[in-house]
1. Considering the dipole of the chain built from charges on the beta carbon (Lys and Arg +1, Asp and Glu -1) around the Cα centre, which of Gln149, Ala5, Ala82 is farthest to its positive end?
2. Per-residue accessible area for Glu93 at 1.4 Å probe radius, Å² rounded to 10?
3. Taking all protein chains together and a probe of 1.4 Å, list Arg141, Arg64 from the most accessible to the least accessible.
4. Given 0.36 nm per residue, what is the gain on full extension from Lys168 to Thr68 after removing their alpha carbon distance, in nm?
5. Rolling a 1.4 angstrom probe over the protein chains, ignoring ligands and nucleic acids, what is the accessible area of Ile112 in square angstrom, nearest 10?
6. Given Cβ point charges of +1 (Lys, Arg) and -1 (Asp, Glu) and nothing else, what value in debye, to the nearest 20, does the dipole of the chain about its Cα centre take?
7. Sort Ser81, Ser50, Ser60 by accessible area with a 1.4 Å probe, largest first.
8. Working out 0.36 nm times the residue gap between Ser50 and Glu146, then minus their Cα-Cα distance, what length gain in nm do you get to one decimal?
Amino acid sequence: IAIDAIRQTQLDYFGKSILILGMGTMGVRCLKKLHAQGHPDITICNRTHSTATQLAERHSIETRDFNTILKELHTFDIIISAITLKTHFIQKEHLSTQKNQLLIDLGLPRNINPELDTHSSVKLINVDGLKQIAEKNIVKRKKEVEHAQAIIDEDIHNFNQWLSYKQKHVTKH
């Protein structure tokens, strides 16, 4: 859902640099999805450096040191934060004032100070925002199911008509 949110928010996201903070379940899922899509500019960062290094080698991507990452946040276009901390890790002073940045906060509790959502160059999406996106996707998919069912019903009807026609003509001859 986080990757769908990126695609909906940043139509040109393939041209954007993406940082994934935290290589737990959520961070690794984001990495795998972006990598499977062939995204060309992914960087990862994890408190356990060996975990990040192994993933980076497997996916041919860059890593950053967790102890110094706050000084580099301003260089990324999109930041997905999926770390487990009891405080807000990302603050206003860590971000760029020169360009727009998309922040996705997958942390519980929150990794990113929610006040950043009022910052003019920041678009912040948190778990609640992702829930809304997921609900919209479900509604959209249900409509697609209804449309697909209508096509199936029409094809069944056409097949039954054809079968009935064939049975009538085969039994006459």
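1. Gln149
2. Glu93 exposes around 140 Å² with every protein chain in place.
3. Final ranking, largest accessible area leading: Arg141, Arg64.
4. Answer, rounded to one decimal: 28.0 nm.
5. 0
6. Rounded to the nearest 20 debye, it is 500 debye.
7. Final ranking, largest accessible area leading: Ser60, Ser50, Ser81.
8. Taking Ser50 through Glu146 to full extension adds about 29.8 nm, to one decimal.
The values are calculated or read from the model by the stated rules, or taken from the named source; none is laboratory data. From a predicted model like this one, the values you see are computed outputs, not experimental measurements. We place every Cβ from the backbone using ideal geometry, glycine too, and count neighbours over all the protein chains shown. These accessible areas exclude ligands, DNA and RNA; they are computed on the full protein's heavy atoms, side chains included. Shrake-Rupley method; radii C 1.70, N 1.55, O 1.52, S 1.80 Å.
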